[in-house]
Amino acid sequence: MSEHDLQTPAEGADRRPCPYCGEAIRAEAIKCRHCGERLEGGKRPRGQASQQIEQAATLSLVFGLISLLVCQCLAPLAIIKGNEAARLAAASREPTPGTATAGKVLGWISLAIVGLSVLVYGGVIAFALVAGTAGGGPGGAGS
C-alpha cells in the first residue's frame, strides 16, 4: 500500500483544503496528492512563510504603536510591514493577520496626525507673519 492509496477519496470521507496548495484532500491524509507535500498529523504546518507573515505583522503593530505614542517617523515602516505581511499571506493563501491590519491602521493614523500638525503649525506661523506685518509691530503702521 503506497502513500497515494491513503489519499484516495472514500465514500462520505471528510475533506479539507491542503495547507500548501488549497486543493481538497481527505481530512486524514498524510500527503497531498495534488502537490505532494507531506502533512504533519493532519494539522496545518507552521512553515517559513507563516513565520515571515507573523514576524512582519508583529513588526507592523509594534511600529504602529510606537509611531502613535512616541515617534511618528516610524509610521511609514508600520504601513510597509503591514503591506508586506498582507502580500506574504496572499501569496501563501493564508488570511492576513489582524496585527498587520492594526499596524497599518495605526501607521496611517500617525501620518494623519503629522499632516494635521503641519497644517495647523503652518497656519499659525502664517497668521503670525501676516498679523505682524499688517500693523501693530515695531516699524508698522500703528507706530
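The values are calculated or read from the model by the stated rules, or taken from the named source; none is laboratory data. Everything quoted here is computed from the prediction, not taken from an experiment. With ideal geometry, Cβ positions are generated from the backbone for all residues, glycine too; neighbour counts draw on all protein chains shown.
Just one of the listed residues (79, 66, 125) is surrounded by 16 or more Cβ atoms within 10 Å (Cβ to Cβ), farther than 30 Å from residue 17 by Cβ and either over 19 Å from the mean Cα position of the chain (by Cα) or touching a residue at least 24 places away in the same chain (Cβ under 8 Å) (or both), and it is 79. Here residue 16 meets each of (1) at pLDDT 80 or above; (2) in a loop (DSSP other than H, G, I, E, B) with one exception, condition (2).
Put simply, of 88, 116 the only residue that is assigned by TED's automatic domain parsing to the domain that holds residue 52 and loosely packed, with under 14 Cβ neighbours inside 10 Å is 116.
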